[in-house]
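Scroll down for the structure; my scribbles are underneath it.
Readers should treat all values here as calculations from the given coordinates under stated rules, not as data from a laboratory. Being a predicted model, the structure only gives us computed values, none of them experimental. As a convention, Cβ positions derive from the backbone with ideal geometry for all residues, glycine included, and neighbour counts pool all protein chains shown.
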């Protein structure tokens, strides 16, 4: 993973970074597993969604307790000018998403 070496724009849920040859976004999705996270890119908008449901039950001699919960989140970002939707490398892990693209090499004319 690229370290912040040149410039970065950061907050608690995401970080844009750009280096000499690489550009990217790190997005935090705490509490969600890799299988619960989905990423889509459309019209230079990155959309990260995550959802999970859980159910617990307890039963005793004189009681029955059932509890359900659902958690979801959605984050969306416009891609910076120096990134475009073509050929992005998207890596999803438990709790985070990294989206990066290598900067195109300039050809001598």
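Things to note:
- With both labels modelled 7 Å from their Cα along Cα-to-Cβ, the residue 94 to residue 13 distance reads 2.3 nm.
- Label-point separation in nm, residue 33 to residue 49, each point 7 Å along Cα→Cβ: 2.0
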